[in-house]
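The values are calculated or read from the model by the stated rules, or taken from the named source; none is laboratory data. Remember, predicted model here, so these are calculated numbers, not experimental data. Positions of Cβ are generated from backbone atoms using ideal geometry, with glycine treated the same way; all protein chains shown enter the neighbour counts. For the accessible areas, the whole protein counts, side chains as well, though only heavy atoms, and no ligand, DNA or RNA atoms are used. Shrake-Rupley method; radii C 1.70, N 1.55, O 1.52, S 1.80 Å.
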Amino acid sequence: MPFSAQPPASGERCALSASLDNARHLSSLLRAVHFQDYATCLATASGLRVTVEDAKCIQANAFIQAEIFQEFSVQEESVMFRISLSVLLDCLTIFGSSSLPGASTALRMCYRGYGYPLMLFLEEGGVVTVCKINTQEPEELLDFDFCSTKVVNKIILQSEGLREAFAELDMTSEVLQITMSPDKPYFRLSTFGNAGSAHLDYPRDSDLMEAFHCNQTQTNRYKISLLKPSTKALALSCKVSIRTDAQGFLSLQYMIRNEDGQICFVEYYCCPDEDITEAEL
């Protein structure tokens, strides 16, 4: 019987149990939201969501759909716990982050419920390692309430376009200014660094633009220090959806294709910088 299909030990009832033939599918996504030590995990029948927050200004969510796992079972309507993301990543890569060609680390997870540790069973090349990671009571998470009806502007870009922008823009700037408009300049990224102002424009008919739905002109600024963690997800992604609501809150949703061609999503929410006035815009 394959390692990942082995049943849990007798008498062990798991509120959450899951198995993966390749633990890198999970570790690479978790690394994309690893900018704080602790994360909140929420498991439902549809899959696993791992949430990381900082200073009540930015929230990152990694979504791993149930279909990505070889086995995924949740015995309750939802299972939620807080865990050290740093420790979890160390455990998932205990055999090394880059396996030998053709080799992969198989993973089985079991969480028995409130107060219990998260159990990881990892196997590679016939060697099995068991990890127990202490869990904590989850803290209340921010609700950015980013439903589709509240979205004012939305564009979908091929990720290479945004990667080039982050490489070219002046990162000595404290803020990144984003302009989205139904008219020119359509989509503009601006920085204000030591070397002066820099602007990067994307026409709506650009080859990099996959969708363009802008209803009104919006200009908002976001602290670059808050956006920098999202570049981890950007590096892995093939497409990015950029959305804003009426208050200027920003959603960056990255579509990531793993080694097996399966699609997962990482989403960042960011508050606008309120230290500026309308006159400065």
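If I model a spin label as a point 7 Å beyond the Cα along the Cα-Cβ vector, how far apart are those points for A103 and D90 in nm?
Here the modelled spin labels are 2.2 nm apart.
Positive end of the dipole of the chain, charges at C-beta (+1 Lys, Arg; -1 Asp, Glu), about the Cα centre: which of Q36, V50, A15 has its Cα farthest in that direction?
A15
Order the following by accessible area, largest value first: R243, R163. Probe radius 1.4 Å; ligands, DNA and RNA are ignored.
R163, R243
Taking Cα atoms of region 65-209, Rg/Rh with Kirkwood Rh, to two decimals?
1.11
Going toward the positive end of the dipole of the chain, with +1 on Lys and Arg Cβ and -1 on Asp and Glu Cβ, which of M119, V151, L234 do you reach last?
M119
State the Cα centre-to-centre distance between region 73-89 and region 206-281 in whole Å.
26
Just tell me which aspartates and glutamates come within less than 15 Å, Cα to Cα, of K150; anything on the same chain fewer than 8 places away is out.
Cα-Cα hits under 15 Å: D245.
Where does the chain land on Rg(C-alpha)/(2.2 N^0.38 Å)? Write down the numbers at each step before the final one.
Working: Rg = 20.6 Å, N = 281, 2.2 N^0.38 = 18.7 Å.
So the chain has a normalised radius of gyration of 1.10.
Cβ neighbours within 10 Å, averaged per peptide: list 264-272, 133-141, 78-86 in order, most packed at the top.
Packing order, densest peptide first, comes out as 264-272, 78-86, 133-141.
What 222 nm value per residue comes from the helices of the chain, counting each DSSP H run with n ≥ 4 as -39,500 (n - 2.57) and dividing by all residues, nearest 500 deg cm²/dmol?
-3500 deg cm²/dmol
Please get the size of the charge dipole for the chain, origin at its Cα centre, with Cβ charges of +1 on Lys and Arg and -1 on Asp and Glu, quoted in debye to the nearest 20. Don't jump to the answer; show the numbers that get you there.
On the way: 22 positive and 36 negative charges, 80 e Å.
Taking the Cα centre of the chain as origin, the dipole is about 380 debye.
Would you mind estimating how fast region 16-136 diffuses translationally, via Stokes-Einstein at 10 °C and 1.306 mPa s with the Kirkwood radius over Cα pairs, in µm²/s?
On the way: Rh = 14.6 Å.
Rounded, D is 109 µm²/s.
Give me the tail of P(r) for region 151-270 as a percent: Cα-Cα pairs with distance above 24 Å.
Looking at region 151-270, the distances longer than 24 Å represent 21 percent of pairs.
Eight or more residues apart or on different chains, and alpha-carbon atoms under 18 Å: count the Lys pairs in region 151-270 matching that.
Counting lysine pairs in region 151-270 gives 4.
Taking loop as defined by DSSP and a crowding limit of 15 other beta carbons within 10 Å, which GluC sites (Glu not before Pro) in region 168-262 fit?
Taking region 168-262 and a limit of 15 other Cβ atoms within 10 Å, the loop GluC sites (Glu not before Pro) found are E174, E259.
Where in the chain are the DSSP H helices whose alpha-carbon span along the long axis reaches 15 Å or more and whose Kyte-Doolittle mean is at least -0.5?
Span-like helices here: none at all.
5 Å is the cut-off here: which amide hydrogens, built 1.01 Å from N in the peptide plane, fall below it relative to T105, excluding neighbours closer than 5 in sequence?
A23, R24
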